[in-house]
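Okay, structure first, notes after.
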Amino acid sequence: MKADQRPLSPFMIGPYYKPQLTSLMSITHRATGVFLSVVGAPLLLWWIVAVSSGPAAYDALLACMAGWIGKLGLLACLFSLNFHLLNGIRHLVWDTGRALDLKSAYTLGWLVLASAVILTAVLAGVLL
């Protein structure tokens with residue numbers, strides 16, 4: 001077989017391969033998990049240490065989180081947590097052997113994405 005007749009590999013992004021919702025959801029699930037580990041867990045630890053250290057440390061934490069960068073970080077953590085949780089539930093549904101056909105997979109994917117955005121907006125309105 002000549003080199004120009006060989007089939008192209010599916011990993012080639014661009015005109016050769018169109019990313020699908022299921023693959024994007026999988027990548028986002030992993031990215032939100034990493035983000036929660038690298039950013040969310042240290043923020044939670046900082047909050048626990050500040051609460052246990054007294055009012056001065058807690059006030060310093062609140063001052064850092066009151067700016068737009070702090071609120072953006074908290075919003076990103078909130079979305080990541082919501083998306084990761086809801087997408088994890090979707091995977092648990094798949095583990096039972098349900099919703100594995102293409103239409104159900106796409107419906108659940110869009111439902112997870114919309115629910116994560118709505119839940120983040122609601123919780124941000126209450127918490128931030």
Q: Kindly indicate whether G67 is on the phi > 0 side of the Ramachandran plot, out of contact with any helix residue (DSSP H, G or I) (no Cβ under 8 Å at 6 or more places or on another chain) and either β-branched (V, I, T) or surrounded by fewer than 15 Cβ atoms within 10 Å (Cβ to Cβ) (or both).
A: no
Q) Taking the condition surrounded by 10 or more Cβ atoms within 10 Å (Cβ to Cβ), farther than 30 Å from W110 by Cβ and at pLDDT 90 or above, does A41 pass? A) no
Q.
Can you list residue pairs whose Cβ atoms sit under 8 Å apart, with the first residue in region 65-78 being within 15 Å of P42 (Cβ to Cβ) and in contact (Cβ under 8 Å) with a residue 24 or more places away in the chain and the second being part of a helix (DSSP H, G or I) and of a type in the set (F, W, Y)? Count only pairs 6 or more apart in sequence or on different chains.
A. A76/F35; C77/F35
Q. Within the set of pairs 6 or more residues apart or between chains, which connect a residue that is under 13 Å from A76 (Cα atoms) inside region 25-41 to a residue that is buried (at least 18 other Cβ atoms within 10 Å of the Cβ) and of a type in the set (G, A, S) with Cβ atoms less than 7 Å apart?
A. T32/S80; F35/S80; L36/S80; G40/S80
Q: Look through region 92-110, keep the residues that are surrounded by 13 or more Cβ atoms within 10 Å (Cβ to Cβ) and of a type outside the set (S, T, Y), and return whichever of them is nearest to T32 (Cα to Cα).
A: G109
Q) For G54, which of the numbered conditions (1) touching a Phe, Trp or Tyr at 6+ places or on another chain (Cβ under 6 Å); (2) on the phi > 0 side of the Ramachandran plot fails to hold? A) (1)
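The values are calculated or read from the model by the stated rules, or taken from the named source; none is laboratory data. This one's a predicted model, so the numbers in the text were calculated from it and none came from an experiment. A quick note on method: Cβ atoms are made from the backbone with ideal geometry, for glycine too, and the neighbour counts reach across all protein chains shown.
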